[in-house]
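*Asks:* Below you'll find the structure I mean.
The values are calculated or read from the model by the stated rules, or taken from the named source; none is laboratory data. These figures come from a predicted structure and were not determined experimentally. Quick reminder, even Gly has a Cβ in these numbers, built from the backbone with ideal geometry, and neighbours come from all protein chains shown. Ligands, DNA and RNA are excluded from the accessible area calculation, which covers all protein heavy atoms including side chains. Shrake-Rupley method; radii C 1.70, N 1.55, O 1.52, S 1.80 Å.
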Amino acid sequence: MADDSDKLEVMRHSASHVMAEAVKALFPEARFGIGPPTDEGFYYDFELPRPLTPEDLPTLEAKMREIVAADLPFHREECDKARARQVFADQPYKLELIDDMPDGEVISIYRQGSFVDLCRGPHLATTGQIGPFKLLSIAGAYWRGDERRPMLQRIYGTAFETQEALDEYLHRLEEAEKRDHRKLGKELDLYSIHEEAGPGLVLWHPKGAMVRQVIEDFWKQEHLKRGYEIVYTPHIFKAGLWKTSGHWEMYRDSLYSPMDVDGQDYIVKPMNCNGHILMYKTKVRSYRDLPMRWAELGTVYRYERSGVLHGLARVRGFTQDDAHIFCRPDQIEDEVIGVLDLARFMMQSFGFADYQVLLSTRPEKYAGTIEVWEQATAILKRVLDHVELPYEIDPGEGVFYGPKIDVKLKDALGRAWQGPTIQVDFNLPERFEVTYVGQDGQPHLVAMIHRTVLGSMERFMACLIEHYAGAFPVWLAPVQAVVIPIADRHLEYARRLEAELRAEGLRVQVDARSERMNAKIREAQLQKVPYMLVVGDKEVEASAVAVRLRSGQDLGTQTLAEFKAMARSAIAARE
């Protein structure tokens, strides 16, 4: 039996075994992959004689309830590899896992009822101790995450200690489904991804492009205020550049294959940093020139397996809100403090008040010396302590050239999204001999700070869509107001309003369709447009508009000046 602090994880792990026993009862010829607990539930991978459908889940749940009600004990058995191979002789995936285990390692097996599994444990004492549970969905999953291996069927489920906790979680799932950026992206006509163009490659439609343009303009303005300069770099570079930086060695699985250009190997860039380094090296830089802050909305390309691609949140081509700060070692702490200040301002501006801060330390594969890593990590710790920002250590999650501060944004449902990152790097300057002339007249290696304050435009857009359920604040909304003429005779006035409001910088459209007014209002609400300006005889006569909000609230008749003032105020406040 596990300690109370581990009970939920152990319960979910035990539930995955009960689910596997239920699958075996319905499909005796099933072959079993793995079935671990997760942060929010559990899953198990199976090779089955037919594809599962959602209609199978209630049947499996019913069988699981029988197993739970039987209160079957979980029995642990320890054995060697030879014995384990006998037990799982008809289970090829288990045999593969057994063969991968070191010789001489003690192997544990768990049994409950008619089911036996290869498992480290621990488990509950009996199946009857499993709390309320629910099977959620079916998905495909490559064996061991390798798309060259067989595709198995994965069943997801969850379990909680109380029915109230389960009901609350299921409600959150329903809300998350309504907010799914893939669904809303299609409904709101923001973007599309096409198999013909290539998985993980995004086409931004006019409305999505408008939101992105507003974000990028705001991003540029705020960076210029803080002493950054905007730069641009190409999409492809010679492959040798990435060998010098270490990306070829450390990051090879994420790089696209080289292309031949005039007998030279080129690759599409996975990062922007090397281009910025080359620009820095075009001149001799003095200690008086530093810090230099160069920012780029640079599009990069990284190979992601097709099984992990997910709308805008996980793609193969994306635009980083990237920047690199070249500075002296004595300037690092002040520069990191400045980046944190900018990151917090940006998060607040986009409506994210809650976030988690992680200090990610040296990974298994890293460049440079341990001493340099410890120096860089100590700097980040001092900064976080100085600004009194609570943080947790995330062991081994730094990038290969340096430790980093990772900020996870919490959306309206409390889910975490990757946000700002700040990395201190002494390794790339050494590899590329990036120097400045010090007060002593001698060359010294610069320190580099790699940072993003949004992450990537694609993932940040996914986060924004789900955070606001597609109802963007007025300043971000792709269409801020729709003018709705009640009859054709009001269309000329509607067009004049549209032109006048556009001249004020508002994003306005006229719904000139021959539909009823209520249908037009409903369509604008479905499109999450903040303001609906209804115009009829009274409004034309008074040079006014009848204002409705997407929430359904009717603000009544306003003069055009009153509406402009209200809209400008909402935009300025980023409401």
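*Asks:* Could you say which residue among L190, L184 is within 17 Å of the chain's Cα centre (by Cα) and among the aliphatic types (A, V, I, L, M)?
*Replies:* Numbers: L190 fails: within 17 Å of the chain's Cα centre (by Cα).
Answer to the check: L184.
*Asks:* Taking the options A462, A546, name whichever one is open to solvent by less than 10 Å² (accessible area, probe 1.4 Å) and touching a helix residue (DSSP H, G or I) at 6+ places or on another chain (Cβ under 9 Å).
*Replies:* On the way: A546 fails: open to solvent by less than 10 Å² (accessible area, probe 1.4 Å).
After ruling out the rest, the residue left standing is A462.
*Asks:* Where residues in region 424-459 are over 17 Å from D411 (Cβ atoms) and among the basic types (K, R), which of them is surrounded by the fewest Cβ atoms within 10 Å (Cβ to Cβ)?
*Replies:* R431
*Asks:* Same structure again: Of all residues in region 166-215, which are under 23 Å from K410 (Cα atoms), among the aliphatic types (A, V, I, L, M) and out of contact with any helix residue (DSSP H, G or I) (no Cβ under 9 Å at 6 or more places or on another chain)?
*Replies:* L166, L170, L173, V214
*Asks:* Just to verify a result, which residue in region 34-45, among those that are surrounded by fewer than 19 Cβ atoms within 10 Å (Cβ to Cβ) and either among the hydroxyl-bearing types (S, T, Y) or in contact (Cβ under 8 Å) with a residue 40 or more places away in the chain (or both), is nearest to D117 (Cα to Cα)?
*Replies:* Out of the qualifying residues, it is T38.
*Asks:* Within region 171-203, take every residue that is touching a Phe, Trp or Tyr at 6+ places or on another chain (Cβ under 8 Å) and under 18 Å from A471 (Cα atoms) and give me the one that is most open to solvent (accessible area, probe 1.4 Å). Write out each step before concluding.
*Replies:* So in region 171-203, the residues touching a Phe, Trp or Tyr at 6+ places or on another chain (Cβ under 8 Å) come out as 185, 190-191, 202-203.
If we keep only those that are under 18 Å from A471 (Cα atoms) too, we end up with 185, 190-191.
Numbers: G185: 1, L190: 4, Y191: 22 Å².
In this case the residue turns out to be Y191.
*Asks:* Filter region 402-413 down to the residues that are open to solvent by less than 50 Å² (accessible area, probe 1.4 Å) and part of a loop (DSSP other than H, G, I, E, B), then identify the one that is modelled with the highest pLDDT.
*Replies:* Checked region 402-413; the qualifying residue modelled with the highest pLDDT is P403.
*Asks:* Go through (1) within 25 Å of F27 (Cβ to Cβ); (2) assigned to a loop (DSSP other than H, G, I, E, B); (3) at pLDDT 95 or above and name the single condition L152 misses.
*Replies:* Of everything listed in (1) within 25 Å of F27 (Cβ to Cβ); (2) assigned to a loop (DSSP other than H, G, I, E, B); (3) at pLDDT 95 or above, L152 misses just condition (2).
*Asks:* In this structure, is G128 in contact (Cβ under 8 Å) with a residue 24 or more places away in the chain, within 32 Å of the chain's Cα centre (by Cα), surrounded by fewer than 17 Cβ atoms within 10 Å (Cβ to Cβ) and not in a strand (DSSP E or B)?
*Replies:* Working: in contact (Cβ under 8 Å) with a residue 24 or more places away in the chain: yes; within 32 Å of the chain's Cα centre (by Cα): no; surrounded by fewer than 17 Cβ atoms within 10 Å (Cβ to Cβ): yes; not in a strand (DSSP E or B): yes.
Criteria not met by G128.
*Asks:* Could you run through region 447-456 and say how many residues are touching a Phe, Trp or Tyr at 6+ places or on another chain (Cβ under 7 Å) and within 19 Å of I193 (Cβ to Cβ)?
*Replies:* The initial filter retains those residues of region 447-456 that are touching a Phe, Trp or Tyr at 6+ places or on another chain (Cβ under 7 Å), namely 447-448, 454, 456.
Those left that are additionally within 19 Å of I193 (Cβ to Cβ): 456.
So the answer is 1.
*Asks:* Would you check if there is a residue in region 392-401 being touching a Gly at 6+ places or on another chain (Cβ under 9 Å) and either open to solvent by less than 10 Å² (accessible area, probe 1.4 Å) or over 23 Å from V315 (Cβ atoms) (or both)? Steps first, answer last, please.
*Replies:* First pass over region 392-401, keeping only residues touching a Gly at 6+ places or on another chain (Cβ under 9 Å): 400-401.
From the residues that got through so far, the ones that are either open to solvent by less than 10 Å² (accessible area, probe 1.4 Å) or over 23 Å from V315 (Cβ atoms) (or both) too are 401.
Yes, the conditions are met somewhere in region 392-401.
*Asks:* Which of the residues that make up region 28-65 are farther than 17 Å from M151 by Cα, in contact with a helix residue (DSSP H, G or I) (Cβ under 9 Å, 6 or more places away or on another chain) and aliphatic (A, V, I, L, M)?
*Replies:* L60, A62, M64
*Asks:* Condition check: at pLDDT 95 or above, within 18 Å of F460 (Cα to Cα) and open to solvent by 40 Å² or more (accessible area, probe 1.4 Å). Does F350 satisfy that? Write out each step before concluding.
*Replies:* Numbers: at pLDDT 95 or above: yes; within 18 Å of F460 (Cα to Cα): yes; open to solvent by 40 Å² or more (accessible area, probe 1.4 Å): no.
No: the conditions fail for F350.
*Asks:* For region 482-510, enumerate the residues that are in a helix (DSSP H, G or I), within 22 Å of R568 (Cα to Cα) and of a type outside the set (D, E).
*Replies:* Taking region 482-510 and keeping what is in a helix (DSSP H, G or I), we get 488-503.
Then keep just the ones that are within 22 Å of R568 (Cα to Cα); that gives 493-503.
Y493, A494, R495, R496, L497, A499, L501, R502, A503, listed by residue number.
*Asks:* Those residues that are under 30 Å from T435 (Cα atoms) and either in contact with a Gly (Cβ under 6 Å, 6 or more places away or on another chain) or without any contact (Cβ under 8 Å) to a residue 60 or more places away in the chain (or both), I need them from region 302-319; list them, please.
*Replies:* Taking region 302-319 and keeping what is under 30 Å from T435 (Cα atoms), we get 302, 319.
Hit for region 302-319 is R302, nothing else.
*Asks:* On to the next question. Could you run through region 46-78 and say how many residues are open to solvent by 30 Å² or more (accessible area, probe 1.4 Å), among the charged types (D, E, K, R) and within 18 Å of R31 (Cα to Cα)?
*Replies:* Here the count works out to 2.
*Asks:* From the list S551, S569, which residue is without any contact (Cβ under 8 Å) to a residue 12 or more places away in the chain, surrounded by fewer than 17 Cβ atoms within 10 Å (Cβ to Cβ) and touching a helix residue (DSSP H, G or I) at 6+ places or on another chain (Cβ under 9 Å)?
*Replies:* Answer to the selection: S551.
*Asks:* Further question: Go through (1) at pLDDT below 95; (2) in a strand (DSSP E or B); (3) of a type in the set (S, T, Y) and name the single condition S514 misses.
*Replies:* (2)
*Asks:* Another question, if that's okay. Tell me, yes or no, whether region 206-223 has at least one residue that is farther than 30 Å from Q509 by Cβ, open to solvent by 20 Å² or more (accessible area, probe 1.4 Å) and not hydroxyl-bearing (S, T, Y). Steps first, answer last, please.
*Replies:* Step one: of region 206-223, the residues farther than 30 Å from Q509 by Cβ are 223.
Cutting the leftovers down to open to solvent by 20 Å² or more (accessible area, probe 1.4 Å) gives us none.
Within region 206-223, none of the residues are farther than 30 Å from Q509 by Cβ, open to solvent by 20 Å² or more (accessible area, probe 1.4 Å) and not hydroxyl-bearing (S, T, Y).
For every residue, the table says whether it meets (1) more than 15 Å from Q418 (Cα to Cα); (2) of a type in the set (S, T, Y).
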{"residue": "T319", "(1), (2)": "no, yes"}
{"residue": "D322", "(1), (2)": "no, no"}
{"residue": "D330", "(1), (2)": "yes, no"}
{"residue": "V339", "(1), (2)": "yes, no"}
{"residue": "F345", "(1), (2)": "yes, no"}
{"residue": "S360", "(1), (2)": "no, yes"}
{"residue": "T369", "(1), (2)": "yes, yes"}
{"residue": "D385", "(1), (2)": "yes, no"}
{"residue": "E397", "(1), (2)": "no, no"}
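*Asks:* Would you say E296 is surrounded by fewer than 17 Cβ atoms within 10 Å (Cβ to Cβ) and under 30 Å from the mean Cα position of the chain (by Cα)? Steps first, answer last, please.
*Replies:* On the way: surrounded by fewer than 17 Cβ atoms within 10 Å (Cβ to Cβ): no; under 30 Å from the mean Cα position of the chain (by Cα): yes.
No; evaluated as a whole, the condition is false for this residue.
*Asks:* Among the residues of region 9-33 satisfying the criterion of being of a type in the set (K, R) and under 19 Å from T127 (Cα atoms), which is surrounded by the most Cβ atoms within 10 Å (Cβ to Cβ)? Spell out how you get there, then give the answer.
*Replies:* At the first step, the residues of region 9-33 found to be of a type in the set (K, R) are 12, 24, 31.
Those still in the list that are under 19 Å from T127 (Cα atoms) too: 12, 24.
Details: R12: 25, K24: 18.
Looking at residues that are of a type in the set (K, R) and under 19 Å from T127 (Cα atoms), I get R12.
*Asks:* Test R226 against the stated conditions and say whether it is in contact with a helix residue (DSSP H, G or I) (Cβ under 7 Å, 6 or more places away or on another chain), within 30 Å of V482 (Cβ to Cβ) and open to solvent by 40 Å² or more (accessible area, probe 1.4 Å).
*Replies:* On the way: in contact with a helix residue (DSSP H, G or I) (Cβ under 7 Å, 6 or more places away or on another chain): yes; within 30 Å of V482 (Cβ to Cβ): no; open to solvent by 40 Å² or more (accessible area, probe 1.4 Å): yes.
No: the conditions fail for R226.
*Asks:* Another question, if that's okay. Would you please list the contacts, defined by Cβ atoms under 7 Å and residues six or more apart or on different chains, that run from a residue in region 219-245 that is at positive phi to a residue that is surrounded by 13 or more Cβ atoms within 10 Å (Cβ to Cβ)?
*Replies:* Listed pairs, sorted by first residue: G227/R293.
*Asks:* Right, here's the next one. What are the residues in region 358-398 that are in contact with a strand residue (DSSP E or B) (Cβ under 7 Å, 6 or more places away or on another chain) and under 20 Å from C327 (Cα atoms), if any?
*Replies:* Narrowing region 358-398 to residues in contact with a strand residue (DSSP E or B) (Cβ under 7 Å, 6 or more places away or on another chain): 358-361, 376, 379-381, 384, 389-394, 397-398.
Residues satisfying the conditions are A376, I379, L380, K381, L384.
*Asks:* Testing R76 on (1) touching a helix residue (DSSP H, G or I) at 6+ places or on another chain (Cβ under 7 Å); (2) over 20 Å from Y142 (Cα atoms); (3) modelled with pLDDT of 95 or more, one condition comes back false. Which one is that?
*Replies:* Answer for R76: the failing condition is (1).
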